[in-house]
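These notes are about the structure you will find just below.
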Amino acid sequence: MKREPGDGGVRDDRRQGAREHEAKEHDCLGLNGGPEFRHSEAFSFQIATDTQEETDRYWNAIVGNGGKESQCGWCKERWGLSWQITPRTLTEALAVGGGDLITTSHAVAAKLARLCPL
């Protein structure tokens, strides 16, 4: 929670305004423009994972707490923000594989919800 000068206490996060927070030692600023501005897939988070256990931990934390599964490693949290939980080995293989590997990988991944490391 952030205290704002002159508001006499802790701010109500449902009202319009900005909120500062830290994510993985990075300063972030979130804006709440009110109910007319909704989340969309135009903004999302991506997490690169190293193990199946790590993939499962993030996936279960998002989907298991009111979120929804999608496909290709995508899921939505209960507040509507989109996340892609992607094994690092998959993105690295796609970066160097080219051509047929990319086409085949996309075709396979599109049929899956949760992705697995190679």
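Bear in mind these aren't lab numbers, they're just calculated from the coordinates by the rules spelled out. As the structure is a computational prediction, the values presented were derived from the model and not from experiment. Here the Cβ positions follow ideal geometry from the backbone for every residue, glycine too, while neighbour counts run over all protein chains shown.
Here is the figure for the range 80-90: residues that are surrounded by 15 or more Cβ atoms within 10 Å (Cβ to Cβ) and either over 9 Å from the mean Cα position of the chain (by Cα) or not in a strand (DSSP E or B) (or both) total 6. One residue stands out among those in the range 35-57 that are touching a residue at least 12 places away in the same chain (Cβ under 8 Å) and exposed (fewer than 10 other Cβ atoms within 10 Å of the Cβ): the one that is farthest from Gln84 (Cα to Cα), which is Arg38.
Within the range 61-94, being more than 28 Å from Pro35 (Cα to Cα) and among the polar types (S, T, N, Q) holds for Thr86, Thr89, Thr91. Mind checking which residues of the range 58-79 are surrounded by fewer than 15 Cβ atoms within 10 Å (Cβ to Cβ) and either farther than 17 Å from Ala23 by Cβ or in contact with a Ser or Thr (Cβ under 6 Å, 6 or more places away or on another chain) (or both)? Of everything in the range 58-79, those that are surrounded by fewer than 15 Cβ atoms within 10 Å (Cβ to Cβ) and either farther than 17 Å from Ala23 by Cβ or in contact with a Ser or Thr (Cβ under 6 Å, 6 or more places away or on another chain) (or both) turn out to be Asn60, Gly64, Asn65, Gly66, Lys68, Glu69, Gln71, Arg78.
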